[in-house]
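Report on the structure given below.
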């Protein structure tokens, strides 16, 4: 059947769902068919994400999901885990089927790694829950392209039953012939993986990984455990780059612990998986915001304390956005004139800040006139 018409003029493309594959009882992997004419536009760097949009019960809903396929595969694949009250995640995990269509924005995001075939390095990734999705793409893409590099994955979940890509990780750990070591941290003491027959149980990662490419540990990965790891196999002198992806508590803990161990900030890459944080109390003046989008500049009013994104949406502009919590970076624009205040800026790097990049979902004018450009991305 032909694709239905798009929802409206925007940078979204209507893509057909090629496959919906169950991962756990409440999560699926969704693979899209990307037509040849869009191949270049949807080419991605490992770690990037896409915004997905659908109309559910008459209301447009959009969410951001990391691409979990390796870059060299040519696949556009995301994983969706059902959340309590989550409109899109409930639809995706219970009703979405191959042959359906979804609107998808081209890949974006700065939590990335570009493999270098000539490099020999040790990469370490910390992930929790759905945070595995960009990490999986980064690690598999990197180890495939860098034959002399190795990686260690520290992966936190409640149990094996809730672990995304559990079987795939086991196959990858074996397939990379010792270059990928996976340590699972399980917080449910009843998890069968914790009680399976094994030669020995270890708390020291160096010993554990010397025996098996995949191990299981009880409990969470906290600061005490991470500090112990940094004194053994994961000594900072033996690790070239770190990738952190998960809820804010885990990510902040890991960043503090690595900083205390004198790991250079430029070697630590992170992305938060979190819902939208509530905006703090409104402040600042009403403003006129000049928004450049698609080569056209439109002046719109912004109420006191209103974000640039909310003002643009209220004016009917099809600006890019997704999480509205400052975490995904989809709404980035360049500040050309005036000043704004952002209460959070998780998705911005120091380089972004130096280039006057802002997160329009959290940016509120502090001067009467502001100009932003969505085309300078």
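The values are calculated or read from the model by the stated rules, or taken from the named source; none is laboratory data. Only a predicted model underlies this, so the values are computations on that prediction, with no experimental measurement involved. Neighbour counts run over all protein chains shown; Cβ positions are idealised from the backbone, glycine included.
A few remarks follow.
- Subset of region 205-231 (residues that are modelled with pLDDT under 85 and not in a helix (DSSP H, G or I)): 212
- Within region 120-129, one or more residues are assigned to a helix (DSSP H, G or I), touching a residue at least 24 places away in the same chain (Cβ under 8 Å) and in contact with a helix residue (DSSP H, G or I) (Cβ under 9 Å, 6 or more places away or on another chain).
- Of all the listed residues (84, 106, 70), the sole one being in contact (Cβ under 8 Å) with a residue 12 or more places away in the chain and out of contact with any strand residue (DSSP E or B) (no Cβ under 8 Å at 6 or more places or on another chain) is 70.
- Top-ranked residue in region 168-204 [being loosely packed, with under 15 Cβ neighbours inside 10 Å and within 26 Å of residue 258 (Cβ to Cβ); ranked as modelled with the highest pLDDT]: 178
- Scanning region 53-97 for residues that are in a loop (DSSP other than H, G, I, E, B) and within 20 Å of residue 110 (Cα to Cα) turns up 68, 69, 70, 74, 75.
- Listed by position, the strands (runs of 3 or more DSSP E) inside region 279-377 whose residues that are surrounded by fewer than 17 Cβ atoms within 10 Å (Cβ to Cβ) number at least 3 are 296-302.
- Cβ-Cβ contacts under 9 Å between residues 6 or more apart (or on different chains), taken from a first residue in region 1-27 that is assigned by TED's automatic domain parsing to the domain that holds residue 40 and modelled with pLDDT under 50 to a second residue that is in a strand (DSSP E or B) and surrounded by fewer than 15 Cβ atoms within 10 Å (Cβ to Cβ), are absent.
- Here residue 346 clears all of (1) touching a helix residue (DSSP H, G or I) at 6+ places or on another chain (Cβ under 9 Å); (2) under 22 Å from residue 295 (Cα atoms) except the condition numbered (2).
- Flag if residue 316 is more than 19 Å from the chain's Cα centre (by Cα), over 22 Å from residue 252 (Cα atoms) and in contact (Cβ under 8 Å) with a residue 40 or more places away in the chain: no
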